[in-house]
Structure formats: structure tokens, C-alpha cells
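Okay, structure first, notes after.
The values are calculated or read from the model by the stated rules, or taken from the named source; none is laboratory data. In this text, all values refer to a predicted model and were calculated from it rather than measured experimentally. All Cβ positions, even for glycine, are placed from backbone atoms using ideal geometry, and neighbour counts span all protein chains on display.
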Amino acid sequence: MASTTEAPPRKDRAPQRPGDRIFAGISTGSGVLILLALAGVAVFLVTEAWPSLTAPAEDIPGGEGLALYIWPLLFGTLISAVLALVIAVPLAVAIALFITHYAPRSIAKALGYVIDLLAAVPSIIFGLWGINVLAPVTVDPTTWLSEHLGWIPFFAGPASSTGRTMLVAIIVLAVMVLPIITAVVREAFTQTPKLHEEAALAIGSTRWEMIRMAALPFARSSIIGASMLGLGRALGETMAVAMVLSASGGVSFNLISSENPPTIAANIALQFPESSGIAINTLIASGLVLFAITLVVNMIARAVINRRKDFSGAN
Amino acid sequence: MSTSTTTPEQDPELHTPLGGVPLTAGQLPRGAAPGMLVASAVAGLLLWLLAGWAIVPCALLAAAAYVVIVYTWSRAVEGPRKATDRLVTAIVSGAFLLALLPLISVLFTVVSKGLERFDAEFFTYSMVGVTGEGGGIYHAMMGTLIITGLAALISVPIGMLTAIYLVEYGRGKLAKAITFFVDVMTGIPSIVAGLFAYALFVMIFGPGVRMGIAGAVALSVLMIPTVVRSTEEMLKLVPNELREASYALGVPRWRTIVKVVLPTALAGIATGVTLAIARVIGETAPLLVTAGLTDGDNFDPFDGRMTTLSVYSYYEYVSPGLFAEASFDRAWGAALVLIIIVMVLNLIARIISKLFAPKTR
């Protein structure tokens with residue numbers, strides 16, 4: 001079908017101005033840059049860690065190879081972070097409940113800010129506090145624990161006389177992740193459908209039964225996600241642990257002695273400034289392990305939290 | 001039957017309703033729970049002041065006494081359901097008070113120990129040639145300001161533009177991937193960010209490099225996700241009607257974003273950026289491995305080691321040298337300055353969001 005007149009091409013779209021194209025390009029570019037940066041973190045760490053992966057075992061600090069160097073660190077990292085969560089999660093859920101369901105409405109917001117303040121304290125200050133205030137306080141109780149409950153592996157003792165134990169590190173970590181978990185769980189509790197709560201109260205539930213039937217099931221996946229988020233934070237926490245923990249031992253479940261396994265992050269902070277050559281590569285390799293673990297933990301956490309977001313009635 | 005309801009005096013049922021049981025039966029008397037709380041608190045105080053026990057066991061004993069008495073009393077009078085409710089109330093409130101303890105203790109300790117060295121010399125001297133008392137944090141304060149400023153300079157444009165992409169342009173897989181990985185990036189351990197910056201600069205400048213700018217890069221890795229998240233939240237709050245009104249006037253998309261969307265969300269974005277700065281200004285670990293420590297003034301981020309407040313405080317504490325007391329005082333002083341900066345930044349953020357929040361009429 002040959003057309004006799006040249007019809008002007010129909011305009012389906014608004015004209016793309018150069019300004020528009022540049023602006024869209026720049027903003028897309030910075031988004032891609034972030035992805036590249038994250039990939040760069042992995043690539044650069046692998047490149048710098050590579051010499052230690054290929055080096056003979058006796059060149060690695062400790063002289064027994066990379067795996068045996070990292071294993072106690074990994075163990076210390078995991079045990080401190082997991083036990084910190086065991087303390088922090090129930091407390092965080094209780095605090096979130098207090099702020100959303102128990103505290104008087106007029107001061108609830110202010111109480112939320114107070115807990116957020118805890119998150120604002122730099123970790124170096126928690127380190128100073130842990131070593132100066134918390135550690136001495138724990139000396140007497142841990143001595144008692146090692147004498148009377150010594151048959152539990154956690155309290156085998158002998159109790160440290162300085163208090164710079166794994167137990168103190170765990171408590172400091174718990175305090176540090178508490179506000180992070182609380183913030184996410186609090187958000188979930190405030191989004192609990194009001195109708196569910198009122199229905200529960202209307203059939204004669206007490207406040208606790210209402211929370212158990214309406215609020216907790218609604219917030220369950222948030223609590224799991226928040227715990228994973230807290231776990232990621234506790235795994236990577238550096239300075240507080242580096243200062244508090246007297247790290248001289250190997251793998252041990254004993255929480256109250258003066259010989260504790262160090263954590264990966266704390267070990268890097270303690271060793272890095274005085275290291276050079278292959279020791280630096282080894283430390284970066286341990287950092288790579290930490291990065292991989294926290295990446296997995298955070299991805300699971302975000303996936304759990306985001307899944308809930310899709311189904312919640314809030315949006 | 002009808003006569004008995006119209007003449008209540010003759011009906012004994014109304015004076016003792018529910019078959020002789022008063023309406024308030026099955027409840028604790030009014031004020032019983034608060035009364036018990038006060039009573040156990042007083043008992044705890046007496047144990048502390050008069051019997052001379054330590055304060056912590058006293059507080060624990062008082063709390064336990066309150067919980068046990070109220071639970072058993074309520075269980076006997078009100079039944080197990082109400083008793084459990086009271087028990088949970090006590091536990092939840094107790095958990096909140098417990099969480100306040102470290103906060104109060106931290107603030108009290110830092111303020112009381114930090115005030116030892118809060119004099120003019122502390123703020124105007126560096127550590128050159130200082131072995132005993134004296135010395136100050138001037139170089140560390142400047143280092144903190146320069147490195148954090150540079151970090152903000154890197155991360156604010158990147159973070160804001162990414163947020164603009166996500167809200168205004170982003171569709172499909174790329175946007176989803178960026179959202180997800182920005183979330184994941186929030187959880188990168190600070191020490192790993194430091195190692196990343198170190199590895200990056202080693203490739204450019206060779207092993208053992210220490211530079212202020214490397215510290216700024218490390219902090220940017222930590223700061224960008226926070227900026228993206230808060231900016232994104234704020235841009236989403238801007239009503240679509242504003243954008244549509246602007247398009248209807250023939251304004252190009254990018255000018256709509258720059259002239260309409262961003263100014264509307266500016267207060268929220270400023271709050272988010274301030275909080276992000278507050279988050280990274282106290283970081284120690286990434287600066288320890290990238291910027292290092294030096295005794296003198298170095299205000300050039302592209303040349304050699306630079307001291308920051310947190311690293312300064314750390315080293316003064318862990319390697320005090322011969323005059324340990326003076327060194328500890330400096331460590332606490334620096335910690336106090338740091339915590340004041342962080343708190344002030346948080347306060348500024350709150351004030352910005354209060355003052356410049358969009359007026360809703």
C-alpha cells in the first residue's frame with residue numbers, strides 16, 4: 001500500500017529533551033555505581049586475600065595454614081553473636097511491646113527516641129564502658145558462677161580477675177544490637193491491624209492474650225528478620241569486642257575465663273596496624289569470610305522482612 | 001413479676017447482684033498493684049540504705065518480690081488468665097527499665113570521666129611532643145571533620161541520585177536489584193568497608209598506604225545506603241499530584257524533579273543525611289585500617305596518616321605509655337567530645353524534621 005502523501009510520523013511519546021536524558025543517565029549511573037561498589041568490595045577483598053590462599057601453610061601467622069588460623073576466629077565470632085542475640089531478642093521484643101502496647105500513648109514516642117539514642121552511641125564508647133564499668137562488675141558474679149555452676153561448660157572457669165571475658169563481650173554486643181532489633185519489631189507492632197486487636201479485646205481477652213493472638217503472629221516474620229539483622233550487626237561489630245575481650249585462647253565454650261577465642265573483626269582491628277606482608281593478606285582473607293557470612297545473613301534477613309511487607313495490610 | 005421490678009426496695013436481688021456476689025468480686029482492690037510496687041521499692045531501698053546491701057541485689061530482690069506477690073495474689077483472687085496478664089505487664093515494663101540501665105550508665109560514665117580534660121588546651125593542642133600530661137585533640141577533631149565531610153561529599157550526591165532513580169525512573173529488574181543490594185549494604189561490617197578501601201588504595205598506591213581519603217571512601221560505603229534509604233522514603237511521600245501538575249504545565253521531567261519534588265522532600269532528606277553523618281562520625285574500625293594515627297596536624301587527606309577522634313581515643317586508651325592517667329583522661333575526653341557531636345547531630349536532625357516538615361492544612 002503505497003501512500004501518496006508523506007504523513008508526518010505520529011508522535012507517541014513526549015519529546016525526550018537532552019536535559020531529561022542526561023539527568024536520567026546520571027541517576028541510573030549512580031544506582032549502577034552502588035552495585036559496582038558492592039561487587040568491588042568482593043573483588044578487591046579476593047584480590048588482596050589471594051596471596052594468603054596460595055601461600056604455604058607455614059607462612060601464615062600461627063604456622064598452621066589459613067583454615068586453622070581462621071577457625072578459632074570464626075568460632076569466637078559465631079558464639080559471641082549468637083549468644084548476644086539470645087539475650088537481645090527477647091528483651092527487644094519486650095521493649096517494643098512496652099513502647100507500642102503498654103506505655104502511655106503520650107510518652108511512647110519519646111521512649112522510642114530514648115532507645116534510638118542507644119543506637120547512636122559510637123562503638124568505641126561501648127568499648128570504653130565495657131572495659132571500665134561492666135567488666136569489673138562481673139568479676140564477683142562470675143567467680144560465684146564458676147564455683148557453683150562450674151559443671152555447665154559455659155561457666156567452667158577459672159573466672160577472669162579482670163572481667164574481660166566473652167560474657168562481657170556478649171552483653172556489650174547485646175546492648176548494641178538491642179536498638180536495631182527493637183526498631184524493626186516496633187514498626188511491625190504498630191502496623192498490627194487495629195481491628196484484630198479490638199476483636200481480640202472484644203471477646204474478653206486480657207491484654208496479654210490480645211498480644212499473643214493478634215500482635216505476635218503478625219510480627220513473627222519481622223521478629224525473625226530483625227533478629228537476623230541484629231545477628232549481622234553483632235557478627236561485624238569490631239571495636240567494642242576488640243577492647244573488651246582479652247583474646248588469647250582458642251576454641252572454647254568457656255565464657256568467663258580470661259582465655260577467649262577472638263572474633264574476626266576484633267582480630268583484624270587488633271592485628272592490622274602492626275602487620276605487613278602476608279599477615280595483611282591473611283587478615284583480609286578473614287575479613288572476606290566475615291563479609292561472606294554477613295552478606296548471607298543480611299540477604300536472608302531482608303528477604304524475610306520484604307516478604308512480610310508484600311502481605312501486610314499496611315500498604 | 002412486673003410489680004417487683006417497679007418497686008426495687010422489695011427486691012433483694014438488685015442490692016446484691018449476681019446471686020449475692022458484688023460486681024467488684026474477682027478483682028484485686030483498686031491500686032493494689034501500684035501499691036505493691038511502691039511497697040517493694042521501699043523495701044528494696046530500706047535493704048540498700050539500712051541493711052547495707054549492694055544496690056543491684058536490692059533492686060533485683062524488690063522486683064522479684066513484686067512479681068511473685070502480685071502474681072500469686074492475682075492468681076488466687078482473679079484466676080490464672082488475669083494473673084498471667086499482670087505477670088507479662090511486669091516483665092515487659094521491667095525489660096524496658098533494664099534497657100535504660102546501660103544507656104544511663106554509659107552517658108554518666110563518659111560525662112563524669114570526660115570532664116577531667118575539658119579545658120582550652122584540650123581543644124587547641126595536638127599531640128606533637130606530648131609524653132605526659134597536656135596535649136589535645138585539635139588534630140583529631142580536624143581529621144574527623146575533614147574525613148567525615150569528604151565522606152558526605154561522596155555519598156550524598158550518589159545516594160540522592162540513586163534514590164531519585166529508584167523513585168522516579170526505576171522500573172524492572174535493575175531497580176529491584178539496587179533496592180535489595182542497598183538494603184544488604186546497610187549490613188556490611190564497618191571493618192570490611194575499611195578493608196575494601198584499604199585494598200582499593202593499595203592497588204593504586206602500593207602496600208602500607210594510609211590516607212584520609214581512603215577513610216572517607218570507607219565511610220562512604222557505610223553512609224551511602226543510609227542516605228539512599230532515607231531519601232527514597234522521603235521522595236515516596238511527595239504527592240503524585242504535585243508531579244502531575246508540573247507535567248501539565250509542560251515542565252520537563254528533570255526540572256520537575258529538581259524544582260518540585262526535591263524542594264518538597266528537602267527537610268526529610270536533610271534529616272536523613274544528618275543522621276547518616278551521625279552514624280559514621282563515630283566509626284573507628286574502618287579509620288583504624290585506612291587513615292591510621294599521627295601525632296601532628298595533617299589536614300591534607302591525600303597525603304599520609306590522619307588522626308580522627310575515635311581512633312585517637314582508642315589509642316590513648318590501649319597504649320597509654322608511661323603516664324597512663326593523663327592518657328586515659330585524654331581518651332575519655334575525646335569520647336565525650338565524640339558523644340556530644342553525635343547527640344548534637346541527632347538533635348539537629350530532629351529539629352530539622354520538626355521545623356521544616358511540610359505544613360499540612
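Below is a table of values for the structure above.
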item	result
Any chance A:G76 is more than 14 Å from chain B (Cβ to nearest Cβ), exposed (fewer than 14 other Cβ atoms within 10 Å of the Cβ), over 22 Å from B:V182 (Cβ atoms) and not β-branched (V, I, T)	no
Output for the stretch A:255-284, where each listed residue is assigned to a loop (DSSP other than H, G, I, E, B) and closer than 16 Å to A:V244 by Cβ	A:L255, A:I256, A:S257, A:S258, A:E259, A:P261, A:P262, A:T263
Scan of the stretch B:52-82 for residues that are more than 15 Å from B:S40 (Cβ to Cβ) and outside any helix (DSSP H, G or I), ordered by number	B:G52, B:A54, B:G79
In the stretch B:32-82, the residues that are more than 36 Å from the chain's Cα centre (by Cα) and exposed (fewer than 13 other Cβ atoms within 10 Å of the Cβ)	B:L50, B:A51, B:G52, B:T72, B:A76, B:G79, B:P80
Answer from A:A169, A:A183, A:A174 - the residue that is in contact with an Asp or Glu (Cβ under 8 Å, 6 or more places away or on another chain) and either part of a loop (DSSP other than H, G, I, E, B) or more than 8 Å from every other protein chain (Cβ to nearest Cβ) (or both)	A:A183
Scan of the stretch B:261-308 for residues that are closer than 13 Å to B:L345 by Cβ and either surrounded by 24 or more Cβ atoms within 10 Å (Cβ to Cβ) or not basic (K, R) (or both), ordered by number	B:A270, B:T271, B:G272, B:V273, B:T274, B:L275, B:A276, B:I277, B:A278, B:V280, B:I281, B:G282
Test for A:M213: is it more than 10 Å from chain B (Cβ to nearest Cβ), closer than 30 Å to B:A90 by Cα and not charged (D, E, K, R)	yes
Residue check for B:G136: under 31 Å from the mean Cα position of the chain (by Cα) and over 30 Å from B:Y315 (Cα atoms)	no
Any hit, the stretch B:89-101, residues being on the phi < 0 side of the Ramachandran plot and away from chain A (no Cβ under 11 Å)	no
Test: residue in the stretch A:285-304 that is of a type outside the set (A, V, I, L, M, F, W, C) and assigned to a loop (DSSP other than H, G, I, E, B)	no
Pick from the stretch A:1-36, criterion over 47 Å from the mean Cα position of the chain (by Cα) and among the aliphatic types (A, V, I, L, M), ranking: modelled with the highest pLDDT	A:A7
The stretch B:240-271, subset at the interface with another protein chain (Cβ under 10 Å from one of its Cβ atoms) and touching a residue at least 60 places away in the same chain (Cβ under 8 Å), residue nearest to B:V182 (Cα to Cα)	B:I257
Selection count where residues are touching a residue at least 60 places away in the same chain (Cβ under 8 Å) and either crowded, with 21+ Cβ neighbours inside 10 Å or over 24 Å from B:A193 (Cβ atoms) (or both), scope the stretch A:21-68	9
Condition met for A:I99 (within 11 Å of chain B (Cβ to nearest Cβ), under 30 Å from A:R220 (Cα atoms), modelled with pLDDT of 90 or more and assigned to a helix (DSSP H, G or I))	yes
Residue selected from the stretch A:231-288 under the condition at pLDDT below 85 and of a type in the set (A, V, I, L, M), by the criterion surrounded by the most Cβ atoms within 10 Å (Cβ to Cβ)	A:I256
Residue within the stretch B:126-145 that is away from chain A (no Cβ under 13 Å), within 24 Å of B:T271 (Cβ to Cβ) and surrounded by 15 or more Cβ atoms within 10 Å (Cβ to Cβ) present	yes
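Residue-by-condition table, conditions (1) free of Cβ contacts under 8 Å to residues at least 60 places away in the same chain; (2) among the aliphatic types (A, V, I, L, M):
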{"position": "A:N254", "(1), (2)": "no, no"}
{"position": "A:P262", "(1), (2)": "no, no"}
{"position": "A:I268", "(1), (2)": "yes, yes"}
{"position": "A:E274", "(1), (2)": "yes, no"}
{"position": "A:A279", "(1), (2)": "no, yes"}
{"position": "A:I284", "(1), (2)": "no, yes"}
{"position": "A:G287", "(1), (2)": "no, no"}
{"position": "A:A292", "(1), (2)": "yes, yes"}
{"position": "A:N298", "(1), (2)": "no, no"}
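Listed here are the residues, each with its yes/no results for (1) at the interface with chain B (Cβ under 9 Å from one of its Cβ atoms); (2) charged (D, E, K, R); (3) touching a Lys or Arg at 6+ places or on another chain (Cβ under 8 Å).
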| residue | (1), (2), (3) |
| --- | --- |
| A:R233 | yes, yes, no |
| A:T238 | yes, no, no |
| A:V241 | no, no, no |
| A:L283 | yes, no, no |
| A:L295 | yes, no, no |
